[in-house]
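A.B. asks: Let me begin by handing over the structure; questions about it come next.
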Amino acid sequence: MKILLLEDDLILNEIIEEYLISQNNEVISTFDGNEAEDYLYSQTFDLLLLDVNVPELNGFELLRNLRAQNIKTPAIFITSLNMADDMQKGFDSGCDDYIKKPFELKELDIRINNIKRLFNITPTNIIILEKDLLLDTQNLYILKEDKKIHIAKKESEVLQYLINNSRKTVSIEELSLNLWAYEENPNASTVRTYIKNLRKILGEEQILNIRGVGYRFNKK
């Protein structure tokens, strides 16, 4: 997930950032509301973690501004404001969850996982091919019917290219030009071997062989 973190306490910001990164998230850390707003209008995020009492623009105002602009990115407030009225203000401003400080990182993890479930957020390294079939580009495996099948990095790159270009037939030459450095220049049999391995794992109906032309990912 790509997460924007707004927390002006330097130590807490660092603790949360390190924890989120250890969970394979991409994190943009900010320390005041205006800085966070600049990022939010220039980049796309999967989740917002917002403190409330921060310099410049507080968390409640920031989220109200975003919701007014129809930016619906899920948001969790992390704040020392622990009265019921404060929580009400948080939800009225458009948040999806509210964590009272101090909190354990385990609680943060539980709440983030709940947001992922509610909003059907998948990790950026996970590509869902179809039901019970996915590619993990970071850990280099295909999960098929709950069975992990590890693949080579280049096989993952070939599969990703075919997926991203599923509307057309991709030639061996095109794969070679786009996935290998010029000096590497693989021969056609090397590329075919990678595709043969992928077809064996996924099934020949998933990667179609268009004879004399190339290969096409069969996106269902």
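The values are calculated or read from the model by the stated rules, or taken from the named source; none is laboratory data. Treat the numbers as computed from the prediction; the structure is a model and nothing was measured. Virtual Cβ from ideal backbone geometry, glycine too; neighbours counted across all protein chains shown.
A.B. asks: Being surrounded by fewer than 22 Cβ atoms within 10 Å (Cβ to Cβ) and touching a residue at least 12 places away in the same chain (Cβ under 8 Å) is the filter here; which residues of the stretch 48-68 pass it?
C.D. replies: Matches in the stretch 48-68: Asn53, Pro55, Glu56, Leu57, Asn58, Glu61, Arg64, Asn65, Leu66, Arg67.
A.B. asks: Applying the selection to the stretch 160-203, what residues are aliphatic (A, V, I, L, M), within 11 Å of Tyr215 (Cα to Cα) and not in a helix (DSSP H, G or I)?
C.D. replies: Across the stretch 160-203, the qualifying residue is only Val170.
A.B. asks: Go through Asn114, Asn165 for me and flag whichever is assigned by TED's automatic domain parsing to the domain that holds Gly94, within 29 Å of Asp46 (Cα to Cα) and not β-branched (Val, Ile, Thr).
C.D. replies: Asn114
A.B. asks: Among the numbered criteria (1) within 30 Å of Thr137 (Cα to Cα); (2) among the polar types (S, T, N, Q); (3) assigned to a loop (DSSP other than H, G, I, E, B), which one does Asn13 miss?
C.D. replies: Of the numbered conditions (1) within 30 Å of Thr137 (Cα to Cα); (2) among the polar types (S, T, N, Q); (3) assigned to a loop (DSSP other than H, G, I, E, B), the odd one out for Asn13 is (3).
A.B. asks: Report, by residue number, each residue of the stretch 74-91 that is without any contact (Cβ under 8 Å) to a residue 40 or more places away in the chain and surrounded by 15 or more Cβ atoms within 10 Å (Cβ to Cβ). Give the steps one after another, and end with the answer.
C.D. replies: Just the residues of the stretch 74-91 that are without any contact (Cβ under 8 Å) to a residue 40 or more places away in the chain, to begin with: 75-77, 79-91.
Those that are without any contact (Cβ under 8 Å) to a residue 40 or more places away in the chain and surrounded by 15 or more Cβ atoms within 10 Å (Cβ to Cβ): Ala75, Ile76, Phe77, Thr79, Leu81, Asp86, Met87, Lys89, Gly90.
A.B. asks: Please determine, by comparing only the residues of the stretch 180-220 that are surrounded by 12 or more Cβ atoms within 10 Å (Cβ to Cβ) and among the basic types (Lys, Arg), which one is farthest from Ile151 (Cα to Cα).
C.D. replies: Arg216
A.B. asks: Scan (1) touching a strand residue (DSSP E or B) at 6+ places or on another chain (Cβ under 9 Å); (2) at pLDDT below 90 for the single condition Tyr215 breaks and write down its number.
C.D. replies: So Tyr215 meets the others, but not (2).
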